[in-house]
Amino acid sequence: MFFLRYIFTATLVAVFFGPAQAAETAEQQFNSIARLPPESLGTKIGQAIEVDVDLAASGSLAVTVVGERIDVLYRMAFNQIAEGWNWRPLADPAVDDYYQFKFLPLQSVAVERGAYEHEDKIGTPQQMKVTWRYDYFLAFANLYDFYPRSVDDDAGFSANLPATQAGRVGMRAKARLIEPVISESTTFWKATYGKPTDFTLKKRYLLGALEEVAFIDTASGEVLCRIRPGQGRCTGR
């Protein structure tokens, strides 16, 4: 039997990822919640959301072609949220994770906010750009509802699909929002002579209990197979 193995890098995934999308982008869903008054956020707890996974952002999708089928693997081993609210320093690494909430990357939006003149190097005025980037994630703490905890770097969501799907495999996730519904962090890098850009990075999280991960055809939006709790793998016909 002839085995041909391809590993699709983030760049290739970005090229192949087609137009089929969830009804609303992560940005739209986050912003609609963020506009609510604080006392109304509780009304969103338990609401179902559907989001597309940004495969180009992670570079974690591996596709192996075996005859007329493909094995698809999305690695989750390093998708841990390194935020202070998620750090559990007393966790026993033999049985638990320091970072309880995991993530799926959803969307990245860059916004150019003009420029200003500044003299970081004496005698050399410069135009400093101002750039903001918003990165959106689905944060969830129930990864091990889907498959057992493992120290294997290849642990993640996987599927076996027809080889005709190679090059147009996407992922979509469904979750139900949990308290506090959304979270945001901000990191700022000041412009310097060598890097003349004020850069602000905002990481924005939709917090939920993961209910389903689906592998989809990015051209048509067709669901190829679904992974639900108790599964780490699915098969498409």
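The values are calculated or read from the model by the stated rules, or taken from the named source; none is laboratory data. These numbers come from a predicted model, not from an experiment. Note that each Cβ is placed from the backbone with ideal geometry, even for glycine, and that neighbours are counted across all protein chains shown.
List of remarks:
- In segment 102-124, the residue that is farthest from Asp145 (Cα to Cα) out of those that are hydrophobic (A, V, I, L, M, F, W, C) and in a strand (DSSP E or B) is Ala115.
- Filtering segment 1-49 to residues that are within 23 Å of Leu61 (Cα to Cα), modelled with pLDDT of 95 or more and not in a loop (DSSP other than H, G, I, E, B) leaves Ala26, Glu27, Ile49.
Residues are listed down the side, and each one gets a yes or a no for (1) farther than 30 Å from Lys190 by Cβ; (2) modelled with pLDDT of 95 or more; (3) surrounded by fewer than 16 Cβ atoms within 10 Å (Cβ to Cβ):
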| residue | (1), (2), (3) |
| --- | --- |
| Ala77 | yes, no, yes |
| Ala94 | yes, no, yes |
| Phe101 | no, yes, no |
| Asp120 | no, no, yes |
| Asp145 | yes, yes, yes |
| Val151 | yes, no, yes |
| Asp154 | yes, no, yes |
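- If you go through segment 165-218 and pick out every residue that is crowded, with 16+ Cβ neighbours inside 10 Å and part of a loop (DSSP other than H, G, I, E, B), you end up with 5.
- Residue within segment 79-88 that is of a type in the set (S, T, N, Q), without any contact (Cβ under 8 Å) to a residue 40 or more places away in the chain and out of contact with any strand residue (DSSP E or B) (no Cβ under 7 Å at 6 or more places or on another chain) present: no
- Residue in segment 155-164 that is farthest from Val223 (Cα to Cα), counting only those that are in a strand (DSSP E or B) and within 21 Å of the chain's Cα centre (by Cα): Gly156
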